[in-house]
Structures are given as structure tokens and as C-alpha cells.
Amino acid sequence: MNKSNLKLELNKILDRLEANCISPLGAELVKSLEPVRDLETVKRRQMATTEGDQILLRYPDLPLGNIYDVRPEIRRAAVGGLLEGSELLRVKTTLVNAWRIRKFILGIEGEWPNLKQMVSNIGDFRKLTKAIENSIGPEGEVMDQATPRLFNLRQQIKRTQDRIKERLDSFLRSSEMQKYLQDNLYTIRNDRYVLPVKQEYRQHVRGLIHDQSASGATLFIEPMALVELNNELRQLQAAEYKEVEEILMSLSSLIKEEKDNILATLTALGELDFTLAKGRLSHKMKAQPVSLNSKGCWRINKGRHPLLGDKVVPVTIELGYDFDTLVITGPNTGGKTVTLKTIGLFTLMAQCGLHLPAAESTEISVTASVYADIGDEQSIEQSLSTFSAHMDQIINILKEVKPGSLVLLDELGAGTDPTEGAALAMAILDYLTEAGVRTVATTHYSELKAYAYATPRVENAAVEFDSRTLRPTYNLIIGTPGESNAFTIASRLGLPQSIIERGRSLLSEESKRVSRLISGLTEDKRVSAEERAKAERIRIETEAKKAEIEKAKLEWQKKAAKQTEKMREEARLLLRRARAEIREIMSGLEKELAKESVRDKQRAIEMARRRLKNLEEDVEGKITSYQPVPSGKPPAKVKAGDRVIIQSVGQEGEVINPPNDQGEVLVRVGVLKMNVNLKDLRLIKSSPRVKKQTQTDGWTVRTTSTNNISPEIDLRGMTVEEAIHQTDKYLDDVVLSGLNRVSIIHGKGTGVLRGALQDYLRNHPLVKSFRLGGAGEGGSGVTVVDVGK
């Protein structure tokens, strides 16, 4: 990591990022992370970070855990090495959890292109992990059921050990043997069962001596009676060891076959862990993605230095828009250096693809090289003074900078004669500005404040200081130079006033003039800030009132629409009641007229039916007039008295006044008056449905188009009462439409309905004749009716 990155403390940010990784795979990527200056690469990095942040917010229980760096084991197996049970268990655990996270991310909803691309490189190793699971136990031991041979060998070993223990127990129970033993127990030496025999009784116990105690008082003897059994046990254990080795080698060979796929999976897991770590760090820093550019422009809005905790005062700063060089002045400990480090560190973090702890509208130029000369570089070993050390750094920077580079200079020109230091600082800033470099420099020199005012593309800035509390506010004010406040601070701390006045008198007239200028500018800045704050409050209040009016308007619209619908429903109910009453009257008339058999009276009834039908259509037309007209072009102009539809609310109104200069029309809607934009209005034009006139014995009857009436009606599934009622309405419409023949579908198995229907048709004055349908007309399930006078 270069010196500028260290000065800006990028390494500390990366240490925090590494701490958020859950595996060495991700941590390794953090260690190799370097800022890049390619815009598209940085955008891809930031998009991946955004996905990591968002998926952790939506799925905090993301199943990523128990991921090990098993690359050494994989490479050893690849060259024919044998992996132990514990190593195979680590491989299995890693691959199982890799498959689990792959399924999870590929199965979730939403667009996660970067994360899904990463996990798509995770392989399917279920056969391999199943083979390891069937052979290796939870503690890394090879299980008995790994192979039938291993199971049999271990059963034989157990039986042989039991036989040996039985023989040993018999020795321990023997009263004669007990007096020869140092302790009444048996033990193991050199993988063979032995008895602890006292030194003086070694001749009384026949067997092989395998060991003796440190004092020599005890000999560990394998009785001759156990030699054959112990030999048999050793042979079985050797066979078991060989079988276990073959099992481990077989599993290691399976891993060898999948070497490339497993390594690709581990790479994908590392990238996933690294990406999620960036998301975790973003959440902890309360950071967010920012806009990126390659134009050499920075705009940091309320940026918080990520290493200073929650109490840090946010800084707002811009560079590269109206000016290329910013000169920051003000008292010590006021936040000048923090501002330098913030803009530099933010640039490096963005180039690493990290989110930034700043507000919206923050923008960073990520194609810039970053150079920083911050801190005291005094070196005793190299015999360098503070000034010499700074100059050495600045000389190296001037050799490397290019147009668009970002250069951060702390206490430029300090450590030498103030006059010469200020002159040298101005020359350096001139060189950087003319070279197209973006520069931020801090200083205490008054000459640089005047320089910033007089030089194009150079701007002053100050860190604010509260002279009442003698404390810095850490706010950065661009456009105003800062004061040292030395006399104010000294006075507040108790320095005699006479000394302070003497000090002021020693200032040059130029210094006094500059001080007055700065004071005046600072006061103007304060007043302007207050005015802007006041204007902002008025704007917020205006928007709140506007929102309140819009809300009230919306509620009124909803209420009006609800009331209109209620009126429509009441009208429909009234119409349904009128129809029912009319049908009841007509039914009574028909019965009376049928008794008298007066044909001309029947004709009068037919005329009455038609007039009633026309009445129904008129009422329906009035009801449907409540519906808004279809959308179309707004009228070019309107005049008082015009009827209009207000498109946004679907209400009809009357124009009171024509449009004003703003294009708003005063419209009356019911008892309310409202201003409506002309574009929201549609003129109401009369568009009655096309009718045809039928002259019948002095009566003029309006009938609807034949196209609107079907030549058949389906009564299947209805009760007799419902069927008669529907047929009555249908025949009225048929006569009015001009149809002469229609079909009534009632079904073949509805004898009761068919009989009731035929009785009704016989007495209907408009039915000339009826019959059951023929072969091509639906047969006995259909009645064909001829209608007319």
C-alpha cells in the first residue's frame, strides 16, 4: 500500500472490512484489495456491494457459515496425497454449505445479478460429500460401516480384546497371582496387554517383559498364555489400519478427480464472503452507494469520516465544479485535516467499491490518482526538518500528478519563514491549478486567503470557530476564509487586555484590513445562511400546506365519487321497482282482457309495452350519464355555461369563468367551486344512441338495433318463476328489435318448465305461434317462437 493510502488510513478501513469476513477465503481477497481508477470496474464493484448490503437487510439469516480454506488439502490430494478423516470432514462441511448457499441465492426473488453469477460457479458435489459422510464420523474418525471388511475386522478385534481381558481378569482373581502383582490391574505396553509384576517375583510369572517402572520395582510382563492372543490382535489391528488407509485414499482420490471444480467453488465462496463483508461494513457505517464520475468532480454531502465514530460532525464540500483548488483556513483542531482526510479516504473507498457514509447526492471522481502530504514528516535519521520533509513529499507528488489528480496538502508552506513559505505555497498552488489538478490545501497564512480571492478557479473555505465557547464547530464554510482568533481566545482565557491591545497595535495595516474583510464576509455569510434557512423553512411549510390541500381534495373526490355511486344505485333500485310494478299491472290487465277476448285492447296493451320499454331506456340513459366520457383531447377553449367532465375525478361540472393566464378554469361541481387546469377538462357532447322509428297505429315507438338482441335465450338451470320472468322481458326486447323468430332453450329433461312455458306462450298477446325445435334446431330441448301482431 503506497504512502498516501496509509496517510489517509485506508488500511484501517480494510482491517474493518476483513473483520467482517467469515472465512479466510474472503479475508484473503480483502488483503489483496487495491483502489482502481477505471470507472466501469468501480461501478461493478459498487453494484456488488449494494447487492451484498440489500440481501443482508432482506435475509439476515443468510445461510453462509462453516466455510474453510481447504485449498491446501485439495492440492495435496491432487498430487496423490492422503487426507486424514478430519481434513475430509472439513472438505465435506465446506462443500455442503457451499451448495446450501447456492440453492438459497438462486431461489430467492428479485434481481441479484452479481450474487447469482458468483454462486452459479459453485459446483454440485453431493455424491462426493455423501461418500465422505458415509465413511467419516463427526469427530473425523473412519466409521465401522465405511466398508464391510472394516466392519468385520473391528468386530474381530473387539472379540479378541474381550478374550484377552477375560484371561487377564482370571489372573487378577487368582489369589496366588495377586501376591506377585504390584497393583491388581492390567495395562498396555507397546500395544500389548501386560501385568504389573513386582521385581522380586519375576521368576514366578512366565512371560515377556515389555517395560519396567522408573524405579525398577515393577516389571510389565505379558503372560505366555496371552502371547498368541496379543499376536492375533496385532495382526487384526494392522489389517484394520491398512483398510482405513485404503478408505481414506479412496476418498482422497475422489477429491483429486474434482480438484478444478472444488477450487472454482472455493473462489466463488471467497468472492461471496468478500461481497457480503462489504455489505456488513456498509450497514455498520450507515453508508450508501454514491454517484461516480470521471470528470474530476467531487461533491460530498454531509460526509462522516468513518473512523471517528457517531459523534463526528458531517462535512459538506465540493471540488472541480466552480473551482479546482480549495484553500482551507481556520484555527488548529478545527477540523481542517479531517476534511482533507475525508475527501481523500472517500475517493479511495469508492475506488475499492465500498459504500460511503454520506447523504444522497454525494458524487466522487473515481478516475483520479490520490496524493496526500499530511502530518509531520520530520525525520531525525534522515536529518530532515519538518519543512524539508514536506518539500520532499511535495516534490515527489509534483513529478507524478496528471490532470484530474487529487492532491491534498496539509499546512502548505509551514515550517519556514512565513513570508517565503506563503510565496512558495502560492507558487505550488498556481502550478497545480494550471496543470488541471484538483487540490485541497490547509494553511494559516493570511496571504493565501487573499490569493484565493484573486485567483481564478481557486476558492477560500473556513472551519467555523465559536468565539463565545472557544471551541470549533467543525463546520466547513466554503467561500469565506477563516481567522486564527488568537486575540479572542487569549482574551477569553484571561490575558490582560493591555497586552491584547498592544498586540493588535503591532499588526500591520494590511493585516488589519484583511481581518476586517474576513469579519465582514463572515457576517455576510452568516446572514445569508440564516436567510437561506428561513427560505427553506417557508418552502417546507408551503409544501406541507400544498400536501394538505391535495389530501383534502383527494378525500373530497373520494366522497363525491361515493355519493355519485350511491345516487346511481338508488336510481337503479327505483327503476327495478318501477319495472316490477308495471309488470304486475300488465299481468292484471292481460287477465281481464283475456276474459273479454278483445283484440283491439290487446293491441293497446302491446303499444303500452312498447312505450314502457322506451321509458325504461330513457331512465337508463339518464343513469348512465353519470359515467365520465371517454378520454380524449382537452378543448382548445371553453366558455361560461359549458358542461364539462373533470378527468382526474370523473365528475361533471359547469364552467363559470373561462381560463385565466395560468390556464385554470373555474368550474362548479354541485355546490362546490374549484379551479381546474384546462388540460384536465373534456367537453360533454350529446351522443344519444341511434334509434329507429317504428310507426304503429298512431304511436311512434323507438326500438334498439337488432344487433343488440340475441335470437335465442337459455333458461336452463332456472326455476319456473325465474324462467317466465326472463322470457317476458326477452319477448318485449324481441318485439322492439324487429326480430320475427327466436329460440327458447329449456332442455329436454325439464318437462315442468316446458309445460309452464307453453302455457305462458299460449296466452301471450305478441306470440303468433310456437313449436318444439326440429332436428337441426335443437330438438325437444328448444321451443321455436314466432312473434308479431
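The values are calculated or read from the model by the stated rules, or taken from the named source; none is laboratory data. Not measured: the values here are computed from a predicted model. Cβ atoms come from the backbone with ideal geometry, glycine included; neighbour counts cover every protein chain shown. Side chains are part of the model used for accessible areas, which takes the heavy atoms of the whole protein and leaves out ligands, DNA and RNA. Shrake-Rupley method; radii C 1.70, N 1.55, O 1.52, S 1.80 Å.
Some values worked out for this structure:
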{"quantity": "Residues (touching a helix residue (DSSP H, G or I) at 6+ places or on another chain (Cβ under 6 Å), over 13 Å from LEU715 (Cβ atoms) and buried (at least 17 other Cβ atoms within 10 Å of the Cβ)) located in segment 733-764", "calculated": "LEU736, SER737"}
{"quantity": "Test: residue in segment 392-401 that is more than 26 Å from ASP430 (Cβ to Cβ), open to solvent by 10 Å² or more (accessible area, probe 1.4 Å), polar (S, T, N, Q) and at pLDDT below 95", "calculated": "no"}
{"quantity": "Qualifying residue in segment 7-16 (condition: within 30 Å of ARG90 (Cα to Cα) and either among the charged types (D, E, K, R) or open to solvent by 20 Å² or more (accessible area, probe 1.4 Å) (or both))", "calculated": "yes"}
{"quantity": "Among the residues listed as VAL370, VAL366, the single one being surrounded by 14 or more Cβ atoms within 10 Å (Cβ to Cβ), at pLDDT 95 or above and touching a Gly at 6+ places or on another chain (Cβ under 6 Å)", "calculated": "VAL370"}
{"quantity": "Subset of segment 765-775 [over 16 Å from ARG716 (Cα atoms) and not in a strand (DSSP E or B)]", "calculated": "PRO765, LEU766, GLY774, ALA775"}
{"quantity": "Hits in segment 222-239 - residues which are touching a helix residue (DSSP H, G or I) at 6+ places or on another chain (Cβ under 7 Å) and under 20 Å from GLU176 (Cα atoms)", "calculated": "GLU222, PRO223, ALA225, LEU226"}
{"quantity": "Single residue of segment 48-64 satisfying the filter (of a type in the set (Ser, Thr, Tyr) and either part of a loop (DSSP other than H, G, I, E, B) or in contact with a Lys or Arg (Cβ under 8 Å, 6 or more places away or on another chain) (or both)) that is nearest to LEU106 (Cα to Cα)", "calculated": "TYR59"}
{"quantity": "Residues of segment 461-510 classified as charged (D, E, K, R) and at pLDDT 75 or above, total", "calculated": "3"}
{"quantity": "Which listed residue, of LEU89, LEU83, LEU95, is crowded, with 16+ Cβ neighbours inside 10 Å, within 14 Å of GLY65 (Cα to Cα) and of a type outside the set (Asp, Glu)", "calculated": "LEU95"}
{"quantity": "Some residue of segment 272-284 being open to solvent by 20 Å² or more (accessible area, probe 1.4 Å) and of a type in the set (S, T, N, Q)", "calculated": "no"}
{"quantity": "Lone qualifier among ASP53, ASP61 - being within 20 Å of the chain's Cα centre (by Cα), surrounded by 13 or more Cβ atoms within 10 Å (Cβ to Cβ) and closer than 23 Å to HIS283 by Cβ", "calculated": "ASP53"}
{"quantity": "In segment 191-212, the residues that are touching a residue at least 24 places away in the same chain (Cβ under 8 Å) and open to solvent by less than 70 Å² (accessible area, probe 1.4 Å)", "calculated": "ARG192, TYR193, VAL194, LEU195, PRO196, VAL197, VAL205"}
{"quantity": "Residue in segment 232-239 that is of a type in the set (Asp, Glu), in contact (Cβ under 8 Å) with a residue 60 or more places away in the chain and closer than 30 Å to ASP124 by Cβ present", "calculated": "no"}
{"quantity": "From ILE108, ILE101, residue being under 30 Å from SER253 (Cα atoms), out of contact with any Cys (no Cβ under 9 Å at 6 or more places or on another chain) and of a type in the set (A, V, I, L, M, F, W, C)", "calculated": "ILE101"}
{"quantity": "Those residues of segment 256-271 which are in contact with a Phe, Trp or Tyr (Cβ under 9 Å, 6 or more places away or on another chain) and open to solvent by 10 Å² or more (accessible area, probe 1.4 Å), in sequence order", "calculated": "GLU258, ASN261"}
